[in-house]
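J.: Sending over a structure as structure tokens; questions will come in a sec.
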Amino acid sequence: MAEQTPGTDAPTSSTPAVTVPDRPALEGLEEKLSAKWRRDGTYAFDENTTREQVYSIDTPPPTASGSLHVGHMFSYTQTDVLARYQRMTGKNVFYPMGWDDNGLPTERRVQNYYGVRCDPTKPYIPDYTPPEKPAKNQRDWDVVSRKNFIELCEELAVEDEKVFEDLFSRLGLSVDWSMTYRTIDDTSRAVSQRAFLRNLDSGDAYMAEAPTLWDVTFRTAVAQAELEDREVPGAYHRIPFFTASGDQVIIETTRPELLPSCSALVAHPDDERYQPLFGQTVTSPLFEVPVEVRAHGLANPEKGSGIAMVCTFGDLTDVTWWRELELPTRTVVGRDGRFQAEVPEWITSEAGRAQYAALSGKTVFSAKETVVSALTEAGLLDGEPKKITHAVNFYEKGDKPLEVISSRQWYIRNGGRDADRREKLIARGRQVNWHPEFMRSRYENWVGGLNGDWLVSRQRFFGVPIPVWYAVDSAGDPDYERPILPADDQLPVDPVAEPAPGFDESQRNVPGGFTGDPDVLDTWATSSLTPQIVGRWSRDEDFFATVFPFDLRPQGHDIIRTWLFSTVVRGESLNDSVPWNHTALSGWILDPDRKKMSKSKGNVVVPTDVLDEYGSDAVRYWAASAKLGADTAYEVAQMKIGRRLAIKLLNASKFVLNLGASVDTVVKSADAAAVITNPLDRALMVRLYETIRQSTRAFEGYDYARALNVTESFFWQFTDDYVELVKDRAYGGHGSPEQASALATLATTLDGLLRLLAPFQPFATDEVWGWWRSGSVHRAPWPGLNEELTGVEAASSGATADVLAAVALALGGIRKAKSEAKVKQRTEVVSAVVTAPESRLGSLRGGLADLKAAGNVRDLTLSAGAPGADTEVTVSEVELAAPEASEAPAG
């Protein structure tokens with residue numbers, strides 16, 4: 001027996017009965033239909049499939065530990081609209097949902113919620129129960145192992161994710177809820193570690209001791225993609241260095257506290273002022289350390305005094321100079337953001353050592369005050385500091401400027417140090433179809449501007465552990481050159497909590513034993529693997545082949561440099577492929593002042609409030625009205641329009657079905673189209689055909705906003721013009737053939753409109769579908785498919801849409817005349833004249849009978865306008881019947 005597609009009306013012994021409620025309403029539809037869709041498996045993915053049949057979506061996993069905001073509704077609706085369209089075109093849509101519970105936001109939430117802190121060195125406690133209430137003082141919080149901490153995360157995540165799932169279900173996301181994952185669950189941790197180990201084996205991952213951007217608050221390394229420039233106040237200090245002859249060489253710096261870490265002065269090789277000094281030694285003030293004057297092309301002769309102090313490290317330019325000029329490393333700031341306690345060995349004079357002792361243990365801010373004070377007392381400041389505002393690097397989640405320290409870290413090659421790899425990743429980006437296309441330049445600009453590989457290790461407690469141990473030599477030092485790696489079937493592992501292969505726990509951190517890598521992987525190192533995680537890479541290769549490369553990656557344009565780029569890096573290194581064929585990039589939500597909505601700014605809107613007030617279909621309408629990539633204002637007015645559209649769809653559908661439209665009268669074939677004979681009906685079929693074709697083209701170009709606009713325009717023409725014009729004929733006032741033509745047109749148009757609007761307003765459309773059709777509209781075929789267009793195309797062949805347009809203008813003129821006369825619309829028109837260009841009179845004649853019936857016109861004269869006159873259809877010389885005595889004037 002052949003299968004019947006759910007949502008279609010397969011031949012049965014009886015036509016589905018038309019059951020229309022007395023008072024259709026949007027209230028209650030979301031709960032009712034969401035439950036029905038889950039119960040019926042409306043959006044279930046069929047794993048018995050081929051790659052050609054599948055449309056796979058690499059859904060962004062939201063941070064479930066974060067707050068819900070209106071932006072979630074905006075971007076996820078845009079993805080869902082595309083998913084629904086693809087499903088209706090016959091695709092087997094793979095649309096899973098993940099939860100990003102790996103990273104700092106979750107770590108903070110679990111700490112604060114339970115009152116616990118993570119210490120990876122602590123032993124695991126089976127059946128651990130956190131305090132009923134967290135202690136007020138963090139010093140009194142429970143300290144637990146990483147494994148215990150992850151268990152608490154998963155416990156709390158279940159509750160957080162339920163809130164998100166409820167929101168997304170209410171919003172109508174057509175996700176297959178049987179396919180969910182967490183970025184910190186066992187599977188995701190194993191995939192992330194396996195990918196890292198394969199990168200390590202291929203040489204794409206490596207460890208290096210190098211200058212590292214460091215957040216002193218979170219005490220972790222930070223990658224280039226996580227940087228954020230912020231304007232902060234500062235000051236230029238003019239400070240002298242001294243030549244052997246006692247001459248001064250003035251430098252200008254915003255970081256005088258780094259004088260003890262100075263390793264050279266640098267000027268441009270063409271700067272004649274300093275050319276005599278190149279290769280010479282000068283002495284630093286206060287600390288009396290000799291440093292060499294060097295030449296480098298990055299030095300700017302126009303900036304400050306033209307000669308710069310190189311410290312290790314003040315900023316990333318210092319790193320470049322240090323590396324390319326092979327300067328000594330003189331680090332004074334530690335991982336805690338404080339000056340190291342011991343006086344550095346390169347400060348040898350008694351006065352210099354005394355000056356450094358005054359800085360020992362101080363924060364960078366306090367050290368700056370101390371150095372400036374000492375320079376002032378010694379008369380070593382040339383003039384007053386010049387106040388400025390300048391851009392400084394911050395960690396995107398931090399609140400203090402980043403430092404640059406030297407540390408041992410893990411990296412993944414991303415083209416930052418390899419021109420060939422960089423060009424290859426740019427080429428991969430060009431294999432992806434970008435929506436909108438101009439966003440590709442952001443990707444290429446980011447890749448082209450990289451200055452280092454991707455730093456993936458983090459000095460945090462919670463995350464995916466780096467799956468590496470090191471042997472400890474007889475002196476107690478780790479052997480970083482020959483890491484100990486786990487077998488694949490051991491994954492996931494936690495080297496801090498589990499012994500290295502071939503060792504037992506008693507040998508941890510002792511000579512001749514082992515030590516575990518204490519770091520975790522950057523959260524993006526796992527999030528970059530969402531196609532591999534949800535696609536079952538390395539666990540079920542047959543399944544992976546049916547979904548990969550994915551068809552679509554939807555995401556925000558602000559994380560192109562992080563999530564999108566890092567996923568391309570992993571797809572290239574692990575699969576020699578792009579991870580997806582299309583990317584759809586949503587814009588930001590802006591408040592009324594055109595500022596991005598964010599929790600930190602305090603201008604977010606709680607989505608449940610909006611859904612309660614306007615309903616999901618209304619909110620979806622607002623979200624789908626915005627083009628991809630466009631930053632969009634939060635507009636209640638748009639939601640009101642969307643709600644009006646949904647209500648009108650219910651009421652107009654009720655009216656059409658009560659007129660007598662049914663499944664049997666929907667035109668599906670060229671032969672069946674012969675019943676549509678009236679020129680006005682055929683004109684509507686032309687408009688329906690055009691709307692379906694335009695909407696389909698828009699969807700194929702990922703321009704869902706255009707598809708909505710085209711469909712909505714036609715919907716209002718259908719309800720406000722056509723339905724009003726054909727009421728009398730649909731009731732049988734013009735004979736059976738004319739009634740049959742009208743009913744077939746009404747049914748065919750309602751059928752098409754429900755399917756055209758289904759991706760945008762899933763609740764109202766499926767509610768109406770259930771009144772007269774079997775199954776769900778969301779499993780019905782898209783009306784633009786060739787076999788679905790046959791009947792509409794035949795009914796519109798040779799017809800002109802102008803019949804409807806011209807007649808609607810005439811009806812509007814008649815109604816206007818009645819309104820101006822302050823009489824009711826049912827008042828009879830004894831006579832009137834409709835004037836139009838000669839070319840449009842034929843259109844008016846085609847709908848004349850319907851026009852007279854709808855306007856209650858006894859005698860209507862058509863008149864050709866003068867050549868060259870206004871092309872509009874106008875109504876004049878309207879004579880109204882005297883109102884009946886019992887009829888009060890319209891007011």
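J.: Give me, ordered by chain and number, the residues 5 or more places off VAL93 or on other chains with an amide H under 5 Å from its own placed amide H.
T.: When sequence neighbours closer than 5 places are left aside, the close amide H contacts are TYR55.
J.: Lys and Arg at +1, Asp and Glu at -1: add these up for the other residues within a Cβ distance under 13 Å of ASN678 and post the number.
T.: Details: positive: ARG682, ARG729, ARG845; negative: ASP681, ASP728, GLU738, ASP850.
With Lys, Arg at +1 and Asp, Glu at -1, the neighbours total -1.
J.: Okay, next question. Compute the convex hull volume of the Cα atoms of region 461-590, divide it by the residue count, and report the result per residue in Å³ as a whole number.
T.: Values: hull volume 17.7 nm³, N = 130.
Considering the Cα atoms of region 461-590, their hull volume per residue is 136 Å³.
J.: On a C-alpha basis, how far is the centre of region 504-524 from the centre of region 82-142 in Å? Whole number, if you could?
T.: 24 Å
J.: Give the Cα extents of the chain along the principal axes, in whole Å, largest first.
T.: Extents along the principal axes: 114, 64, 53 Å.
J.: State the answer as a single residue: which of THR765, THR800, LEU746 lies farthest towards the positive end of the charge dipole of region 736-801, with beta carbon charges of +1 for Lys and Arg and -1 for Asp and Glu, about the Cα centre.
T.: Selected residue: THR765.
J.: In the chain, what percentage of the DSSP-assigned beta bridges are antiparallel, given to the nearest 5?
T.: 65 percent
J.: So what is the 222 nm mean residue ellipticity for the chain from helices alone, if each DSSP H run of at least 4 adds -39500 (n - 2.57) and you divide by all residues, rounding to the nearest 500 deg cm²/dmol? Let's see the in-between values first.
T.: Values: 26 runs with 326 residues, N = 891.
The helix-only estimate for the chain comes to -11500 deg cm²/dmol at 222 nm.
J.: Considering the convex hull of the alpha carbon atoms of region 380-514, report its projected area averaged over all viewing directions, in nm², one decimal. Intermediate results must be reported in sequence, preceding the final value.
T.: Working: hull surface 63.9 nm².
Dividing the Cα hull surface by four gives the mean projection, 16.0 nm².
J.: For the chain, with only Lys/Arg (+1) and Asp/Glu (-1) charged at the beta-carbon, what is the dipole magnitude about the Cα centre, in debye rounded to 20?
T.: Working: 94 positive and 127 negative charges, 356 e Å.
The dipole magnitude comes to about 1700 debye.
J.: Which distance in nm do the two modelled labels at ASN509 and GLN490 give, with both placed 7 Å along the Cα-to-Cβ direction?
T.: Label at ASN509, label at GLN490, 2.0 nm between them.
J.: Calculated FRET efficiency, LYS424 and ILE559, Cβ-Cβ r, R0 25 Å, to nearest 0.05? Mind dumping the intermediate values first?
T.: Working: r = 22 Å, r/R0 = 0.87.
Plugging the Cβ-Cβ distance into 1/(1 + (r/R0)^6) gives 0.70.
J.: A follow-up question, please. Is any helix in the chain, taking whole DSSP H runs, at least 30 angstrom long along its axis by alpha carbon and on average at least 0.0 on the Kyte-Doolittle scale, and which ones? Each step should come with its number before you reach the end.
T.: Values: long enough: 146-171 (36 Å, -0.32); 636-659 (34 Å, 0.59); 679-700 (31 Å, -0.40); 736-757 (31 Å, 0.60).
Span-like helices in the chain: 636-659, 736-757.
J.: Another one. Length gain on complete extension for the stretch ALA44 to GLN248, per 0.36 nm per residue less the alpha carbon to alpha carbon distance?
T.: Gain in length upon complete extension: 65.8 nm.
J.: While we're here: Based on the Cβ-Cβ distance of GLU159 and ASP399, what FRET efficiency does E = 1/(1 + (r/R0)^6) give at R0 = 22 Å, to the nearest 0.05? Before the final figure, lay out the partial values.
T.: Numbers: r = 28 Å, r/R0 = 1.29.
The pair GLU159/ASP399 has a calculated efficiency of 0.20.
J.: To continue, here is another question. Where nothing but the Cβ of Lys and Arg (+1) and of Asp and Glu (-1) is charged, how large is the charge dipole of region 160-254 around its Cα centre, in debye to the nearest 20?
T.: Working: 9 positive and 17 negative charges, 26 e Å.
Once rounded to the nearest 20, the dipole reads 120 debye.
J.: Kindly identify region 144-193 as rounded, prolate or oblate by the Cα gyration tensor criterion: order the square roots of the eigenvalues as a ≥ b ≥ c, call it rounded if a/c is under 1.5, otherwise compare a/b with b/c, prolate if a/b is larger, else oblate. Please report the intermediate quantities before stating the final value.
T.: Details: a/c = 4.39, a/b = 1.70, b/c = 2.58.
Oblate.
J.: Calculate the spin-label point distance for ASP477 paired with VAL663, positioning each point 7 Å from the Cα along the beta-carbon direction, and give it in nanometres.
T.: Placing both labels 7 Å beyond Cα along the Cβ direction yields 8.1 nm.
J.: What does the charge dipole of region 278-342 about its Cα centre add up to, to the nearest 20 debye, if the Cβ of each Lys and Arg holds +1 and the Cβ of each Asp and Glu holds -1? Each step should come with its number before you reach the end.
T.: On the way: 6 positive and 9 negative charges, 15 e Å.
Computed charge dipole of region 278-342: roughly 80 debye.
J.: Still on this structure, I have one more. Identify all lysines with a Cα-Cα distance to LYS822 below 24 Å; exclude those on the same chain that are fewer than 8 residues away in sequence.
T.: LYS727, LYS852
J.: Looking at THR77, ASN658, PRO256, which one has the Cα that reaches farthest to the positive end of the dipole of the chain (charges on Cβ: Lys, Arg +1; Asp, Glu -1)?
T.: Of the listed residues, the answer is ASN658.
J.: Does region 336-428 come out rounded, prolate or oblate, given a ≥ b ≥ c as the square roots of the eigenvalues of its C-alpha gyration tensor, rounded meaning a/c under 1.5 and, failing that, prolate meaning a/b above b/c? Can you show the working numbers first?
T.: On the way: a/c = 2.65, a/b = 1.95, b/c = 1.36.
It is prolate, given that a/c is not under 1.5 and a/b is the larger ratio.
J.: Right, something else. Which of the peptides 436-448, 688-700, 230-242 is most tightly packed, and how do the rest follow, judged by the mean count of other Cβ atoms within 10 Å per residue?
T.: 688-700, 230-242, 436-448
J.: What is the packing order of peptides 116-124, 612-620, 458-466, taking the mean over residues of other C-beta atoms within 10 Å and listing the highest first? Can you show the working numbers first?
T.: Details: 116-124: 16.7, 612-620: 22.4, 458-466: 24.0.
Order by mean packing, descending: 458-466, 612-620, 116-124.
J.: Given H placed on each backbone N at 1.01 Å, which residues far from SER586 in sequence or on other chains put an amide H within less than 5 Å of it?
T.: The answer is GLN555, GLY556, HIS557, GLY629.
J.: Run the reach check for LYS36 against aspartates and glutamates, Cα to Cα strictly under 19 Å, same-chain hits fewer than 8 apart removed. What comes back?
T.: The qualifying aspartates and glutamates are ASP9, GLU27, ASP46, ASP80, GLU165, ASP166, ASP176, ASP617, ASP766, GLU767.
J.: Related question: Return the FRET efficiency for the residue pair ALA135, LEU590: r is the Cβ-Cβ distance, R0 is 30 Å, and the value is rounded to the nearest 0.05. Provide the component values of the computation, followed by the final result.
T.: Values: r = 41 Å, r/R0 = 1.36.
Efficiency at R0 = 30 Å is approximately 0.15.
J.: Using the structure shown, select from LYS91/LYS147; LYS400/LYS627; LYS303/LYS400; LYS640/LYS816; LYS303/LYS595; LYS136/LYS162 the pairs with a Cα to Cα distance greater than 31 angstrom. List each step's numbers first, then the result.
T.: Values: LYS91/LYS147 41 Å; LYS400/LYS627 37 Å; LYS303/LYS400 26 Å; LYS640/LYS816 26 Å; LYS303/LYS595 34 Å; LYS136/LYS162 28 Å.
The pairs that break the limit, which is 31 Å between Cα atoms, are LYS91/LYS147; LYS400/LYS627; LYS303/LYS595.
J.: Here's something else I'd like to know. Around CYS118, which amide H atoms from residues at least 5 apart in sequence, or from another chain, sit under 5 Å from its own amide H, with H modelled in the peptide plane?
T.: Here VAL144 satisfy the definition.
J.: Using only the Cα atoms of region 740-891, build the gyration tensor, take square roots of its eigenvalues as a ≥ b ≥ c, and label the shape rounded, prolate or oblate: rounded if a/c is under 1.5, else prolate if a/b is larger than b/c, else oblate.
T.: Working: a/c = 2.93, a/b = 1.64, b/c = 1.78.
Judged from the Cα gyration tensor, region 740-891 comes out oblate (a/c at least 1.5, b/c at or above a/b).
J.: Note the full-extension length gain between THR317 and TYR206 as 0.36 nm times their separation in residues minus their Cα-Cα distance, in nm to one decimal.
T.: Values: separation 111, 0.36 × 111 = 39.96 nm, distance 2.33 nm.
Fully extending the segment from THR317 to TYR206 adds 37.6 nm.
J.: Of PHE149, THR187, LEU227, whose Cα points farthest to the positive end of the dipole of region 124-239 (charges on the beta-carbon: +1 Lys, Arg; -1 Asp, Glu; origin at the Cα centre)?
T.: Result: LEU227, furthest along the dipole toward the positive end.
J.: Another question, if that's okay. Fully extended, how many nm does the chain gain between SER831 and THR363 (0.36 nm per residue separation, minus their Cα-Cα distance)? Each step should come with its number before you reach the end.
T.: Values: separation 468, 0.36 × 468 = 168.48 nm, distance 9.19 nm.
Stretched out fully, the SER831 to THR363 stretch lengthens by 159.3 nm.
Each value in this text was obtained by applying a stated rule to the coordinates, not by laboratory testing. Everything numeric here is computed off the predicted structure, so don't read it as measured data. Cβ coordinates were reconstructed from backbone atoms using ideal geometry, including for glycine residues, and neighbour counts include every protein chain displayed.
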